[in-house]
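**Student:** One structure coming up, written as structure tokens, with questions to follow.
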Amino acid sequence: MSGANAMAGGQQVDEGMLSRGLGRFEHACVALAGLSIAVIMLVVVADVTMRYLIHRPLSWSYDLIGSYLMVAVFFLAISDTLQSHGHIAIDIFAPAFNRRIEHLGLGIGYGASAVLIAVIAWQGWHRLVQAQASGDLISATVPWPTWPTYALLALGSAAMALRCALRTLGHLGSAVAGRDLVGLPPRAETGEHAGEHGE
Amino acid sequence: MTVTIVLLLLVVFLVIGLPVALAMSVAGAAGLYLLGGSGFLVGILRTSPLSTANSYEIITIPMFILMAEFVILSGVARDLFRAATIWVGRLRGGVAMATALAGAGFGAISGSSTAAAATLASTSLPAMIEQGYDPKLAGGVVAISGTLAMLIPPSIALILYGIIADIPIGELLIGGIIPGIIVTLAIILTVAVLVRIEPAAAPAGRAYTMREKFASLTRVGPMLVLFLSVTGVIYSGIATPTEASGLGAFVAMLLAMWERKLTLRTFFEALRSTAQTSSMILLIILGAHIFGYFFTLSRVTNDLTAWVGGLDAPPMAIMVVILLGYIVLGFFMDQIAILILTVPVMLPLVTQLGFDPVWFGVIIVVTAEVGMVTPPMGMNVFVVARYTRRPLGELFRGVMPHVWAHLIVIALMTIFPALILWLPSTM
């Protein structure tokens, strides 16, 4: 995000401050996602080692990883990845478009995405409240609460929805103003994000 | 009508440059809304996102990505290239052949094709240019050798296919071994032919003594340990692919520590990068789920399968058309996006035609390798171009002979499916 002020509905929106604040939050979230990955690695190694050495695998490893850690990896990293243009996009056709059209199309696309992901976040929140009220547990053998799973989902998706909404404002503002108020993804030839393609 | 609107929406968003995952999610959601109304759509949005991540098996993706990060940190890849050069560098074009061998070795310990191309570009390319190789030949062999990582286990592309197609990941990974060896040999053979036609393009290197040759092998040891801790344990059945991925990441981390390359800063950078790449892949899987629900509901897959089933063409002819379609898609689209978008539709069709799903997974990954080095979306060529500062056109021309060789390999594997299926059958 270039941190410019964008016009929306005739009202000045200080996208810069909001974006920076969200950026800090995303940074903290992705650090937690990274930490979850390190924990997954250690739990798997401990699990396999204990099963082979003392025939006693960790009974809780599947649930810890499936219900909490992997959910954290996905949902806590999606928004930061979007912010750094890490989600792959097809960028070979974009140069053929008029810049305004490109911004308008992306504005509409991100707007629809913001709504969609906001619904996901809202549903996550709904399930969180339900799970907390009824004291839902993962299973009888692993009596851990399920609400943290929904909390991770709601938190990560809410950040992502907000990031999409900011992108929408930036792109629509750019389309109206006729100049770039929001950063477009780097092109493949110069691509900073090249590492993820075609793994 | 609904299907046309949704496909149009998908194409427009993809072409305008919206992330693939979001384009699929939005288009799929619009279709679900049109077919089932808002209650139906919200129901799917309530459960799908969590079921994408909420599984134990999916950790193979972040674990193998993390393993690749640690392998790159450790610098083992550079040593692989040096060892290969000492063994075959004396031949004309030997350093280029060593590049293919190092690419295969790197592929055996990492699943990322672009990472392999970047590593080879920073090690073997300068060595070749220094020895007076034609930059076109040098760049071409680096770009194509990088793609081996996609095929030789651990391969993230094959794992992704296994997850989407719901077939055993272990069999798929083992199925990639022999094709990986064949592709490596094809690259070496292509280099041999090229230098025979144009000897000036590649000088002969210096010879090494047997003592030097065996001394170089000590640096191959760490790679073998990693290879055995992943592919070895999967093949022998000691651990599942999921467990092997965790073990592989851990051993790669120890290796990076042993080489004194792991600091707290590089460790956290590797974790962050892994988290980003994993979430990128998972978001695409979520998009594919949402889009897949729409496709199932609209019965497009059924209709397509029924239509092709009613065609009066031999299955092999249909397969040739399908593979050509994949090669063309590879020109324009990212390989992960291709897998996610097409496999749910193509797989039922392919199995109905009597082809093996493991064979199909491996063959489309070999086909995708072509897309990594052909214009306009040849990711590996972009990576090489960034390192060498050579014009893209020159590099694309340099890789062309390898593309032809690749097509011959694809034809061989289509005619003789046992090349792919024999090794998994011995598990």
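The values are calculated or read from the model by the stated rules, or taken from the named source; none is laboratory data. In this text, all values refer to a predicted model and were calculated from it rather than measured experimentally. For neighbour counting, all protein chains shown are included, and Cβ atoms are generated from backbone atoms with ideal geometry for every residue, glycine included. Quick note on the areas: whole protein, heavy atoms, side chains included, nothing else; ligands and nucleic acids left out. Shrake-Rupley method; radii C 1.70, N 1.55, O 1.52, S 1.80 Å.
**Student:** For segment A:115-153, what are the residues that are β-branched (Val, Ile, Thr) and either closer than 23 Å to B:TYR33 by Cα or touching a Leu at 6+ places or on another chain (Cβ under 6 Å) (or both)?
**Tutor:** A:VAL115, A:ILE117, A:VAL119, A:ILE120
**Student:** Show me the helices (runs of 4 or more DSSP H) entirely contained within segment B:251-339 in which 1 or more residues are under 29 Å from A:VAL43 (Cα atoms).
**Tutor:** B:264-298
**Student:** Same structure again: Could you pull out the residue among B:VAL321, B:VAL300 that is free of Cβ contacts under 8 Å to residues at least 60 places away in the same chain and outside the structural domain of B:LEU34 (by TED's automatic domain parsing)?
**Tutor:** Checking each option against the conditions leaves just B:VAL321.
**Student:** Moving on. Among the residues of segment B:370-383, are any within 14 Å of chain A (Cβ to nearest Cβ), of a type in the set (A, V, I, L, M, F, W, C) and without any contact (Cβ under 8 Å) to a residue 40 or more places away in the chain?
**Tutor:** Scanning segment B:370-383 turns up at least one residue that is within 14 Å of chain A (Cβ to nearest Cβ), of a type in the set (A, V, I, L, M, F, W, C) and without any contact (Cβ under 8 Å) to a residue 40 or more places away in the chain.
**Student:** For segment B:371-380, give me the residue count where each residue is surrounded by fewer than 24 Cβ atoms within 10 Å (Cβ to Cβ), of a type outside the set (S, T, N, Q) and modelled with pLDDT of 85 or more.
**Tutor:** 0
**Student:** I've got another one for you. For segment A:58-75, enumerate the residues that are out of contact with any Ser or Thr (no Cβ under 6 Å at 6 or more places or on another chain) and open to solvent by 10 Å² or more (accessible area, probe 1.4 Å).
**Tutor:** If the condition is that a residue be out of contact with any Ser or Thr (no Cβ under 6 Å at 6 or more places or on another chain) and open to solvent by 10 Å² or more (accessible area, probe 1.4 Å), then A:LEU58, A:SER59, A:TRP60, A:TYR62, A:ASP63, A:LEU64, A:TYR68 are the ones that fit.
**Student:** Only one of these is modelled with pLDDT under 90 and surrounded by 15 or more Cβ atoms within 10 Å (Cβ to Cβ): B:ASP356, B:ASP334. Name it.
**Tutor:** Only one candidate passes the filter, namely B:ASP334.
**Student:** Tell me, which residue of segment B:15-36 that is open to solvent by 20 Å² or more (accessible area, probe 1.4 Å) and at pLDDT below 90 is farthest from the other protein chains (Cβ to nearest Cβ)?
**Tutor:** Ranking the qualifying residues of segment B:15-36, first place goes to B:GLY36.
**Student:** If we scan segment B:398-416, do we find a residue that is in contact with a helix residue (DSSP H, G or I) (Cβ under 6 Å, 6 or more places away or on another chain), within 28 Å of B:ALA306 (Cα to Cα) and assigned to a helix (DSSP H, G or I)?
**Tutor:** Checked against the condition, which is being in contact with a helix residue (DSSP H, G or I) (Cβ under 6 Å, 6 or more places away or on another chain), within 28 Å of B:ALA306 (Cα to Cα) and assigned to a helix (DSSP H, G or I), segment B:398-416 yields at least one hit.
**Student:** Answer yes or no: is there a residue in segment B:145-152 that is more than 14 Å from every other protein chain (Cβ to nearest Cβ) and touching a helix residue (DSSP H, G or I) at 6+ places or on another chain (Cβ under 6 Å).
**Tutor:** Yes; the residues of segment B:145-152 include at least one that is more than 14 Å from every other protein chain (Cβ to nearest Cβ) and touching a helix residue (DSSP H, G or I) at 6+ places or on another chain (Cβ under 6 Å).
**Student:** I've got another one for you. Does B:VAL141 qualify as being open to solvent by 20 Å² or more (accessible area, probe 1.4 Å), over 27 Å from B:ILE61 (Cβ atoms), touching a residue at least 24 places away in the same chain (Cβ under 8 Å) and assigned to a helix (DSSP H, G or I)?
**Tutor:** Answer is no for this residue.
**Student:** Across segment B:164-173, what is the number of residues that are surrounded by fewer than 24 Cβ atoms within 10 Å (Cβ to Cβ) and of a type in the set (A, V, I, L, M, F, W, C)?
**Tutor:** Qualifying residue count, segment B:164-173: 3.
**Student:** Do you know which residues across segment A:16-31 are more than 11 Å from chain B (Cβ to nearest Cβ) and touching a residue at least 24 places away in the same chain (Cβ under 8 Å)?
**Tutor:** Once the filter is applied, which keeps residues that are more than 11 Å from chain B (Cβ to nearest Cβ) and touching a residue at least 24 places away in the same chain (Cβ under 8 Å), segment A:16-31 yields A:LEU18, A:SER19, A:LEU22, A:GLY23, A:PHE25.
**Student:** Here's something else I'd like to know. What's the total number of residues in segment B:1-44 that are part of a helix (DSSP H, G or I) and free of Cβ contacts under 8 Å to residues at least 60 places away in the same chain?
**Tutor:** 22
**Student:** Assess whether B:PHE291 counts as being in the same structural domain as B:ALA411 (by TED's automatic domain parsing), of a type in the set (Phe, Trp, Tyr), open to solvent by less than 60 Å² (accessible area, probe 1.4 Å) and farther than 29 Å from B:MET379 by Cα.
**Tutor:** It is false that B:PHE291 is in the same structural domain as B:ALA411 (by TED's automatic domain parsing), of a type in the set (Phe, Trp, Tyr), open to solvent by less than 60 Å² (accessible area, probe 1.4 Å) and farther than 29 Å from B:MET379 by Cα.
**Student:** Also, I was wondering about something else. Free of Cβ contacts under 8 Å to residues at least 60 places away in the same chain, more than 14 Å from every other protein chain (Cβ to nearest Cβ), part of a helix (DSSP H, G or I) and more than 23 Å from the chain's Cα centre (by Cα), is that true of B:ALA215?
**Tutor:** Taking the combined requirement at face value, the residue satisfies it.
**Student:** Among the numbered criteria (1) touching a residue at least 24 places away in the same chain (Cβ under 8 Å); (2) surrounded by 19 or more Cβ atoms within 10 Å (Cβ to Cβ); (3) within 9 Å of chain B (Cβ to nearest Cβ), which one does A:LEU128 miss?
**Tutor:** All conditions pass for A:LEU128, except number (3).
**Student:** Quickly run through segment B:252-271 and pick out the residues that are open to solvent by less than 70 Å² (accessible area, probe 1.4 Å) and touching a residue at least 60 places away in the same chain (Cβ under 8 Å).
**Tutor:** B:ALA252, B:MET253, B:LEU255, B:ALA256, B:GLU259, B:LEU262, B:THR266, B:ALA270, B:LEU271
**Student:** Would you mind telling me which numbered condition in (1) open to solvent by 20 Å² or more (accessible area, probe 1.4 Å); (2) facing chain B (nearest Cβ under 7 Å) A:ARG99 fails?
**Tutor:** (2)
**Student:** Take segment B:381-395 and flag every residue that is farther than 19 Å from B:GLY371 by Cβ, among the charged types (D, E, K, R) and open to solvent by 40 Å² or more (accessible area, probe 1.4 Å).
**Tutor:** B:ARG389, B:ARG390
**Student:** Where residues in segment B:37-76 are open to solvent by 10 Å² or more (accessible area, probe 1.4 Å) and in contact with a Phe, Trp or Tyr (Cβ under 6 Å, 6 or more places away or on another chain), which of them is nearest to the other protein chains (Cβ to nearest Cβ)?
**Tutor:** B:TYR56
**Student:** Okay, moving on. If A:VAL39 satisfies all but one of (1) within 10 Å of chain B (Cβ to nearest Cβ); (2) surrounded by fewer than 20 Cβ atoms within 10 Å (Cβ to Cβ); (3) of a type in the set (Val, Ile, Thr), what's the number of the condition it fails?
**Tutor:** In the conditions (1) within 10 Å of chain B (Cβ to nearest Cβ); (2) surrounded by fewer than 20 Cβ atoms within 10 Å (Cβ to Cβ); (3) of a type in the set (Val, Ile, Thr), A:VAL39 misses (1) alone.
Residue by residue, here is whether (1) within 21 Å of B:ILE408 (Cβ to Cβ); (2) part of a helix (DSSP H, G or I); (3) open to solvent by less than 10 Å² (accessible area, probe 1.4 Å) holds:
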site	(1), (2), (3)
B:PRO153	no, no, yes
B:PRO179	yes, yes, yes
B:LEU185	yes, yes, no
B:ARG196	yes, yes, no
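**Student:** A follow-up question, please. Counting just the residues of segment B:104-138 that are among the charged types (D, E, K, R) and part of a helix (DSSP H, G or I), which one comes out surrounded by the most Cβ atoms within 10 Å (Cβ to Cβ)?
**Tutor:** So, considering only residues that are among the charged types (D, E, K, R) and part of a helix (DSSP H, G or I), the one surrounded by the most Cβ atoms within 10 Å (Cβ to Cβ) is B:LYS136.
**Student:** Next question. Would you check if B:PHE382 is in contact with an Asp or Glu (Cβ under 6 Å, 6 or more places away or on another chain) and assigned to a helix (DSSP H, G or I)?
**Tutor:** Criteria met by B:PHE382.
**Student:** Could you check B:LEU286 against (1) within 13 Å of chain A (Cβ to nearest Cβ); (2) surrounded by fewer than 20 Cβ atoms within 10 Å (Cβ to Cβ); (3) not small (Gly, Ala, Ser) and say which number it fails?
**Tutor:** Answer for B:LEU286: the failing condition is (2).
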